[in-house]
C-alpha cells in the first residue's frame, strides 16, 4: 500500500500543498485519539456555550477546533482559517499561500452515543492582494478548491480526499502512524435504490421534495417501479461516505421551520468540500437550482440546501423541480 506523500506526488500535487495536507492530518490523528478516549478523559457532554451558529458546543467540538486552529496557524502554510466554531476568519501568516475552511467535528450530536463523527476540510489558494485578517478572501466558489476531504472516525480512521485527480480512500495505520492509500479513483454508481434524508422534517419541505420522497416510499407500487431503502446517520461525513462506497442520494433540502434560516448545511466547510469529492467520483452535488461549486459565497457561514449522490438519481430528483 502506498503512503500519503508518494500517492500525492503521483497526482502532481505541489510540495507546499502536500506539507499543508500533512499538517491537517497531524491534527486529525490527535482528534482521532481524543475521540477514542473521550469517555475516559472527561470530554463527553456539552459546554455551556453556543457557537456562532447558535448551537450548543460539545466539549470535543472545542477541543477539536483548538487543535486544528493551533496547528494550522503555527504551520506558516496558511494565510487564514475559517471554522464552524469561530465567529469570523482567523489570520495566520501574511505570506501563507493557502486558506483553510473546516468543520472540526461534524455530527457532534453523535458523540455521546459513540456513533460516527468526522472532520471536513477545504483548501483554497490565498489571494495575494488581501490582508490576512480580511474574511472576504474566503468568498471563493468551490470551483477554486485545490483540495478537499474528510476524516471519518469510525471502526477505522479513514481519510477521503481529492486534489482534483479523483477521489481516494486512505486508512490510518496505527502501527506506524501514517495514512495509507487503500483505494484510488472511487466511482459512485449512477443508479441507486438508497436514500438519506431527515424524514422528521418532511412536513416543512417544498412540495417538489415532498413529492419526490413520497414516490421513493411508494417503491414498486409507485411511479419509480422499484423499492428504496432509507439510511440516516445524522452526520454528513457518514452519510456521504456511504454514498461514495455504494451509491445513493443524500439531501438536506430547504424547509420552512424558520423562514430566516431555510437551509441547514454550510457552504464553505460542508457543501463545497463534499461537492468536490462527489463530483470527482462521478456523482452530482447541487441545490434545487444550481451546481453547488458554482455558488459565489457571500459570507463564511453561508448555508445552502444540498442534493448529492448517484448521478441519475440526483437528476431524477431535480426533474421534480422542473
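The values are calculated or read from the model by the stated rules, or taken from the named source; none is laboratory data. Everything numeric here is computed off the predicted structure, so don't read it as measured data. We place every Cβ from the backbone using ideal geometry, glycine too, and count neighbours over all the protein chains shown.
Quick check on my filter: what residues within the range 155-170 are farther than 14 Å from residue 118 by Cβ and either in contact with a helix residue (DSSP H, G or I) (Cβ under 6 Å, 6 or more places away or on another chain) or assigned to a strand (DSSP E or B) (or both)? Write out each step before concluding.
Taking the range 155-170 and keeping what is farther than 14 Å from residue 118 by Cβ, we get 162-168.
Result: 162, 166, 167, 168.
As an exercise: evaluate residue 133 against (1) in a loop (DSSP other than H, G, I, E, B); (2) within 21 Å of the chain's Cα centre (by Cα) and give the number of the one condition it does not meet.
Result: residue 133 fails condition (2) only.
Please go through the range 225-248 and give me each residue that is farther than 19 Å from residue 118 by Cα and free of Cβ contacts under 8 Å to residues at least 40 places away in the same chain, ordered by number.
Correct list: 225, 226, 227, 228, 229, 230.
Which residues, taken from the range 88-102, are part of a strand (DSSP E or B) and either over 10 Å from the mean Cα position of the chain (by Cα) or outside the structural domain of residue 136 (by TED's automatic domain parsing) (or both)? Quick ask: steps written out before the conclusion?
Going residue by residue through the range 88-102, those that are part of a strand (DSSP E or B) are 90-91, 98-102.
Answer for the range 88-102, where residues must be part of a strand (DSSP E or B) and either over 10 Å from the mean Cα position of the chain (by Cα) or outside the structural domain of residue 136 (by TED's automatic domain parsing) (or both): 90, 91, 98, 99, 100, 101.
Does residue 304 satisfy the criteria of being surrounded by 16 or more Cβ atoms within 10 Å (Cβ to Cβ), within 23 Å of residue 189 (Cβ to Cβ) and touching a strand residue (DSSP E or B) at 6+ places or on another chain (Cβ under 8 Å)?
On the way: surrounded by 16 or more Cβ atoms within 10 Å (Cβ to Cβ): yes; within 23 Å of residue 189 (Cβ to Cβ): no; touching a strand residue (DSSP E or B) at 6+ places or on another chain (Cβ under 8 Å): yes.
It is false that residue 304 is surrounded by 16 or more Cβ atoms within 10 Å (Cβ to Cβ), within 23 Å of residue 189 (Cβ to Cβ) and touching a strand residue (DSSP E or B) at 6+ places or on another chain (Cβ under 8 Å).
In the range 217-237, what count of residues is obtained for those that are surrounded by fewer than 23 Cβ atoms within 10 Å (Cβ to Cβ) and part of a helix (DSSP H, G or I)?
5
Of 105, 152, 60, 67, which residue is buried (at least 23 other Cβ atoms within 10 Å of the Cβ), part of a helix (DSSP H, G or I) and touching a helix residue (DSSP H, G or I) at 6+ places or on another chain (Cβ under 9 Å)?
Values: 105 fails: part of a helix (DSSP H, G or I); 152 fails: part of a helix (DSSP H, G or I); 67 fails: buried (at least 23 other Cβ atoms within 10 Å of the Cβ).
Residue meeting the stated conditions: 60.
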